[in-house]
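The values are calculated or read from the model by the stated rules, or taken from the named source; none is laboratory data. Not measured: the values here are computed from a predicted model. Reconstructed Cβ throughout: ideal geometry from the backbone, glycine too, with neighbour counts over all protein chains shown. These accessible areas exclude ligands, DNA and RNA; they are computed on the full protein's heavy atoms, side chains included. Shrake-Rupley method; radii C 1.70, N 1.55, O 1.52, S 1.80 Å.
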Amino acid sequence: MMADAALRALVADHFDFIWRLLRRRGFSPEDADDAAQQVFMTALQKLEHIDRGSERTFLYGVALRVSANARRKLARRREDPLELDLVYSDPQALPDRAVELSQARALLDATLRRLPTELARVLVLAEIEQLPASEIALLEGVPAGTVASRLRRARALFRELLQPPEPAPREGDDA
Amino acid sequence: MSREPAEELEQRLFDAGRSERPSSDARERAVELLLRARPVRRRFPLRVTWALFAAAFVGVLTPLWLRSREPLIGAERLPANGRVVAPQASATGRSNATGVPASAAPVQPEAQTAVTTRREPAVPAAPASAPLRTLADETAALARVEQALRAGKPAAALALLERYGRGAPSGSLAAEAGLLRIQALSQAGNAAAAGELARKFVSSYPNSPLVDRAREYLPATARDGGETDGTMVDKTGGVQ
């Protein structure tokens, strides 16, 4: 049975990481709270036997499974057109460099959702958690070369999605 | 008004993602849930269980504690230096029995009772050369260090830390181990080394919940009554 101190250390060391992962997989902050708690609860039985240094990898796997189950419910939800319109509609309407943090995160999540899931995962680990490729390889359970090639594709695709489409000749307001 | 280049927009989106944090409430609730979720076979209502614990604590552990005033691992006797180990005694009472940062979870009345009752945990004695394989091993090792300090055996505590240090602690437990080392050095009468380590602690872990406790060991100007070695301490607003 795990000592109190061990449980507290586990949360102190890994909760934020797991929570942010869940946020980028489509959970609202409140839902991410619950889902993150669920991840730790689910992992609890096995955690005390995991080797020191492998806890994060184990929790990561549990987080992916927990979020996969929930994502099926989220899948039907369309991207909120508002966030995408901020970028893709009339460029003059975009508040230059004044996008609120929550809007930025909403756009981040909407764009990530449009990537194939294995590309989105490595992009999040590289750009948001700022992990080296070797650590990403451990978490994902793939060779470092696979991580590198997925990252290249992920970055290219993400950048492309942020580009506005070719401006079509438009009169007045957008529809 | 020009459109923001995709490159800059991208960086801003990533920065927004990086800066997001869960509330401390969410973290604390996770700890609470985990503590409650551990499989405990309860044949009695919780109150009866705690009553039994209390009785056991008084009736059994007191004579054990009295008998425990032997050197733990053959450490040489240290000169009693009359130093009141007030910071760690009160801090131990405040925080978890194994010194985990108090802010990791707000201490609920029930949990406080649990912590107090389990002040002398029955930590399984590990073989001297056992590697620290799991988090449970590591926290058990730190608990033994704390026990040594509470028993007034700083040399034993330092020896345990020496052994522990070979397992390269990481994460939040590294700060725990650091603070215990400071306390052990101080208790052993080595104020200079304790102060130096405290200085390093404060600069290495400025955001640690333990940093104020570490500051208590910094060379003080006036507070601890003449420990100063003439070094100026940063006036960061922390209480010296």
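Scanning the stretch A:19-34 for residues that are part of a helix (DSSP H, G or I) and either surrounded by fewer than 23 Cβ atoms within 10 Å (Cβ to Cβ) or within 9 Å of chain B (Cβ to nearest Cβ) (or both) yields a total of 10. Scanning the stretch A:72-89 finds no residues that are within 14 Å of chain B (Cβ to nearest Cβ) and modelled with pLDDT of 95 or more. Checked against the criterion of being on the phi < 0 side of the Ramachandran plot, more than 9 Å from chain B (Cβ to nearest Cβ) and out of contact with any Phe, Trp or Tyr (no Cβ under 6 Å at 6 or more places or on another chain), the stretch A:46-53 contains one or more residues that satisfy it.
Scanning the stretch B:170-204 for residues that are surrounded by fewer than 18 Cβ atoms within 10 Å (Cβ to Cβ) and within 15 Å of the chain's Cα centre (by Cα) yields B:Ser170, B:Ala174. For the stretch B:149-156, the criterion of a residue being within 14 Å of chain A (Cβ to nearest Cβ) and open to solvent by 30 Å² or more (accessible area, probe 1.4 Å) is satisfied by no position.
Restricting attention to the stretch A:38-49 and to residues that are open to solvent by less than 30 Å² (accessible area, probe 1.4 Å) and over 14 Å from A:Arg8 (Cβ atoms), the residue that is nearest to the chain's Cα centre (by Cα) turns out to be A:Val39.
One residue stands out among those in the stretch B:1-24 that are loosely packed, with under 12 Cβ neighbours inside 10 Å and either at pLDDT below 75 or in contact with a Pro (Cβ under 9 Å, 6 or more places away or on another chain) (or both): the one that is nearest to the other protein chains (Cβ to nearest Cβ), which is B:Met1. Pairs linking a residue in the stretch A:137-159 that is in contact (Cβ under 8 Å) with a residue 60 or more places away in the chain and in a helix (DSSP H, G or I) to a residue that is open to solvent by less than 40 Å² (accessible area, probe 1.4 Å) and not β-branched (Val, Ile, Thr), with Cβ atoms under 7 Å and 6 or more positions apart or on different chains, are A:Leu139/A:Tyr60; A:Leu139/A:Leu125.
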